[in-house]
Amino acid sequence: MKIKDIVNRDIVNVTNCEFEPIHIPGSIQPHGFLIGIHSDSWKIDFCSGNISSYLDIDYKQVLNADFKDTFGELQENLIKEYISKNLLLSSSPLPLNLAGKDFLCTIHKSENIYILESEPIAENNKKLSDVYHQTSQFLSYMNETHTLKQLCDMVAKGTREITGYDRVMVYRFDKDYNGEVFAESVRDDLEPFFGLHYPHTDIPPQARELYMQNLLRLIVDINYEPVPIYTVDDGNDAKNLNLSLSILRSTSPMHVQYLSNMGVAATLTISLIHKKKLWGLIACHHYSQKNLTPEIRLAAQLQGHFITSQIDIRQSNEEYDVARKSNLALEKINAFQLPAKEESFEILVKRPELLELCNASGVVIIINGNIYKNGLVIEDSDSLILSKWLSEYTGNSQFSTDKIIDTIPEFLVDNCDNASGIIYHSLGVNNNCIMWYRPETLTEVNWAGDPKKAIVKDKDGLSPRNSFKLWREIIKCQSNTWLDPELNAAANYAHSLQKQLNLILMSKEEEKYRKLSEVLKETNSELENINWISTHDLQEPLRKIQMISSRILGKEDEQISENVANSLQRMNNSANRMQTLLIDILKYTKIQHIDESFVQVNPKDVLKEVLADLQEMMLEKNAIVAIEELPAIYGMTFLLKQLFSNLVQNSLKYSIAGKAPKVTISALGRQKINLGNNPGELFEVIQFSDNGIGFEQKFAENIFNIFSRLHGQDEYKGSGVGLALCKKIMQVHKGYIVAEGIPDEGAIFKLYFPLEIENAN
């Protein structure tokens, strides 16, 4: 059987530092040993090289062996029972007797391998009863603290008492993962680190990811010799073991060197997770070798849970006063009633509550290119540039920052004095917005060494910094941080302001439409007068022209030349056509003034009256009109009679010479039509089809336009108003008319009647 180790020997360099595979080091720390058991076969697939330091057995003997053959069936059953009951596995230690010796073991699963990490049961200098007493006492004291800072101070002190480390720090991250020592309990003779900042490069991304997965990390002695992990060589070069959740996992050489440069000999690190993000760490340092029993580690880990469970509550307490003042200002400014005109923004922007609601030093409201401002603001031209950029950047949404030059590097640095921080809210189109400004606040940050020299490259390669000497940095072009209550108050008021703006715009539109309505009313009145003249006053001279021409043509005793007779006849015909046109126009314009109720109508009854009126024309054309069963519809009877009459006359008029016209009137049932505002609405559909001359489909919409004709007067007589009148009648009935045609085959007209009409009786 061939055996190999899985030690990761990749060299850390400038290009791969941030991608160092620290989760698969292939080695462990020597204060315990590791066994990897295959979850299916329960054969030992991995074993650390130091097992012989704890048991009278060699790693070569256990690899590929059955666990129960090596350590006994009882121990295997204990592990299986533990696994079945404990979903978190590594949350509590399991006592096991392995080859006659007692160990406390932690178990977790990595893919298809159960990783068993065993540590000898050591003499506990601190009784568990003492640990319990300290923890209980801490819980009673915890309720006496009110701020997050007070709680973290107590946790640092309590953790140091429980664990005995020389230094315990509560380490808090900012949004960029730069760290700050937020609270500290330290041995009296050591230099305090409280208030120092550490750059994000001290804890690279892959390390932060592991802190999210494994909440407790222990290094007993930074000068340890890593113990390789061995496995059976099955020809798989990629065979490895993920130790992300391991207690014994060997740490990065870079991190070991970093601790050595600080003079630290042993560490314990507890992750603080808040809202699924790494909020901070409890970092414990000791200046000599130090190990903790699994029970003490869990007690220390409990201190981290105390903090994370209280972060929201304590931050809320600290922000309560800010929230109270912001809400009070918001109530006052919302109670201020603006007149519904744009000039009212000049009054609004001067209200002190507008600045107080988010503790801003200046505010700018931009409406349709007009700027209303108060307090410390930037130049108007810069505000316009900034608002346009933020409108595009946010998609007309919202934005806030305490360091605007990080977002807009090209933005004039000169503006930092008055506008280092900004809250932006869009108020709709045209770059309308409201922006609150905060000035620059010069901040002094104490770093534990120059953050630009966090990683050093020298003749020996890459190494962490070895200088932690106090290094001060002055932060410029940055304002005080906007707190959540301030951001919420700004957002709430921006929403109210947008509604106010919409109201003003609606008022302006209403005024515009009111004036337009008055103009249209006057115009319609004039048009009605003109229409009255054209349809009534013009008919009188037309009747005289018809009468005189008929009288002259009717005198038998007078000799009239043929040319004169033809001219008189054409004049008479023109007068008749004009009279017909005027009558049709009058019918068309009268429709919009009809104010009658809709009733349920039987279309067959109406059609019988129509056919009786058209009897003479039908006999002349030898026409056939077939009426099938039709559904009841809602409508105005006299308008429906006009509609049906026009459609039947249209079919008779545009018939093919020498071919008897046939008109079929049928029901198509209830259908939907993709027209109007309700494409899903159902209509009763009645169809008029004929065998006439038809038309090309491209003219299907044009034929409903008033005075629209596809043929000359010499071919087919008519005013060009008939089908326009049909469309108008269908609009009055809240319905639609659609035409389909095939040249020389016929035309189809479909009438869509709504199932119900609001004023139907």
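The values are calculated or read from the model by the stated rules, or taken from the named source; none is laboratory data. Just so it is clear, the structure is predicted and the values come from calculations on it, not from any experiment. Ideal geometry is used to build each Cβ from the backbone, glycine not excepted, and the neighbour counts take in all protein chains shown. When the accessible area is computed, the model is the full protein with side chains, heavy atoms only, and any ligands, DNA or RNA have been set aside. Shrake-Rupley method; radii C 1.70, N 1.55, O 1.52, S 1.80 Å.
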Inset, instruction - Name the residue, out of MET154, MET142, MET169, that is hydrophobic (A, V, I, L, M, F, W, C) and modelled with pLDDT under 80. - result: MET142
Inset, instruction - Keeping to region 656-702, report how many residues are of a type in the set (A, V, I, L, M, F, W, C) and either in contact with a Cys (Cβ under 8 Å, 6 or more places away or on another chain) or closer than 21 Å to LYS604 by Cα (or both). - result: 8
Inset, instruction - Considering only residues that are modelled with pLDDT of 90 or more and charged (D, E, K, R), look in region 745-761 and name the one that is nearest to ARG670 (Cα to Cα). - result: LYS750
Inset, instruction - Could you tell me which residue of region 606-658 is surrounded by the most Cβ atoms within 10 Å (Cβ to Cβ), considering only residues that are part of a helix (DSSP H, G or I) and among the β-branched types (Val, Ile, Thr)? - result: VAL648
Legend entry - Selection within region 203-247 - under 15 Å from ILE35 (Cα atoms) and aliphatic (A, V, I, L, M): VAL227, ILE229, VAL232, LEU241, LEU243, LEU245, ILE247
Inset, instruction - With the condition kept exactly as written, say whether any residue in region 159-181 is among the polar types (S, T, N, Q), assigned to a helix (DSSP H, G or I) and open to solvent by 60 Å² or more (accessible area, probe 1.4 Å). - result: no
Inset, instruction - Check whether at least one residue in region 225-238 is touching a strand residue (DSSP E or B) at 6+ places or on another chain (Cβ under 9 Å), within 24 Å of ASP202 (Cα to Cα) and not in a helix (DSSP H, G or I), and report yes or no. - result: yes
Inset, instruction - Determine whether SER41 is assigned to a loop (DSSP other than H, G, I, E, B) and at pLDDT 90 or above. - result: yes
Inset, instruction - Find the strands (runs of 3 or more DSSP E) located wholly in region 339-406 whose residues include 2 or more that are of a type outside the set (Val, Ile, Thr) and over 30 Å from the mean Cα position of the chain (by Cα), and list them. - result: 370-375
Inset, instruction - Please indicate, with yes or no, whether at least one residue in region 189-197 is farther than 18 Å from ALA300 by Cβ, touching a residue at least 12 places away in the same chain (Cβ under 8 Å) and in contact with a Gly (Cβ under 8 Å, 6 or more places away or on another chain). - result: yes
Inset, instruction - Pull up region 182-196, narrow it to residues that are acidic (Asp, Glu) and farther than 21 Å from LEU278 by Cβ, then point me to the one that is most open to solvent (accessible area, probe 1.4 Å). - result: ASP188
Inset, instruction - Can you run down the residue pairs with Cβ atoms below 6 Å, 6 or more apart or on separate chains, where the first is in region 56-75 and under 14 Å from ASN97 (Cβ atoms) and the partner is among the acidic types (Asp, Glu)? - result: PHE67/GLU76; LYS68/GLU76
Inset, instruction - Filter region 250-308 down to the residues that are among the charged types (D, E, K, R) and open to solvent by 20 Å² or more (accessible area, probe 1.4 Å), then identify the one that is modelled with the lowest pLDDT. - result: GLU295
Inset, instruction - Could you please let me know if GLY49 is touching a strand residue (DSSP E or B) at 6+ places or on another chain (Cβ under 9 Å) and at pLDDT 90 or above? - result: yes
